[in-house]
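The structure under discussion appears below in the form of structure tokens.
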Amino acid sequence: MKNCENCGSPLDPDDIYVHAGKVLCEDCFLDQKMKPVTCDPWAVYSAKRTIGAAPQLTESQFRILNLLKTEGPLDASTICSRLGIGELEFQNCFATLRHMEVARGFRDGEKIRYTVF
Ligand SMILES: [Zn+2]
């Protein structure tokens, strides 16, 4: 079995994504698409530690999480219009939520939808 070249998690043969020549799991693939920088393992580590101690969410992050909990899964444009935030702000907030492993994105046909773990 192959492992994700970014986070090292074992890959389901049905769930393999290739981005910039790297074999990735779905989470890492979505992450790469969202922000074109290499995932920083230290950021994931510190985000996990942060939520373990005391969740430090910004107001926008909290509202996104709340909306996903009550009405998710939703796509980005729905979330942005419901919360009155821009796509870029959403992407930034969501990257943090994903690193904390409290929310995730997944493919639904042509769209990417977002939901809580
Ligand atoms: Zn991965």
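The values are calculated or read from the model by the stated rules, or taken from the named source; none is laboratory data. Just so you know, these numbers come straight off a predicted model, no measurement behind them. Positions of Cβ are backbone-derived with ideal geometry, glycine not excepted, and every protein chain shown enters the neighbour counts.
Name the residue that is farthest from the ligand (Cβ to nearest atom), counting only residues in region 3-17 that are at pLDDT 85 or above and within 17 Å of ILE112 (Cα to Cα). Of everything passing the filter in region 3-17, ILE16 is farthest from the ligand (Cβ to nearest atom).
Under the condition of being exposed (fewer than 13 other Cβ atoms within 10 Å of the Cβ) and within 15 Å of ARG63 (Cα to Cα), the residues counted in region 78-117 number 4.
Looking only at residues that are at pLDDT 60 or above and part of a helix (DSSP H, G or I) in region 42-60, which one is surrounded by the fewest Cβ atoms within 10 Å (Cβ to Cβ)?
Filtering region 42-60 down to residues at pLDDT 60 or above leaves 43-44, 56-60.
Still in the running and part of a helix (DSSP H, G or I): 43-44, 59-60.
Values: ALA43: 12, VAL44: 16, GLU59: 9, SER60: 17.
Only one residue tops the list, namely GLU59.
For beta carbons closer than 7 Å, sequence separation of 6+ or different chains, a first residue in region 56-72 that is assigned by TED's automatic domain parsing to the domain that holds LEU97 and a second that is basic (Lys, Arg), the qualifying pairs are LEU67/ARG82. Scanning region 61-94 for residues that are outside any helix (DSSP H, G or I) and over 15 Å from the mean Cα position of the chain (by Cα) gives GLY84, ILE85, GLY86.
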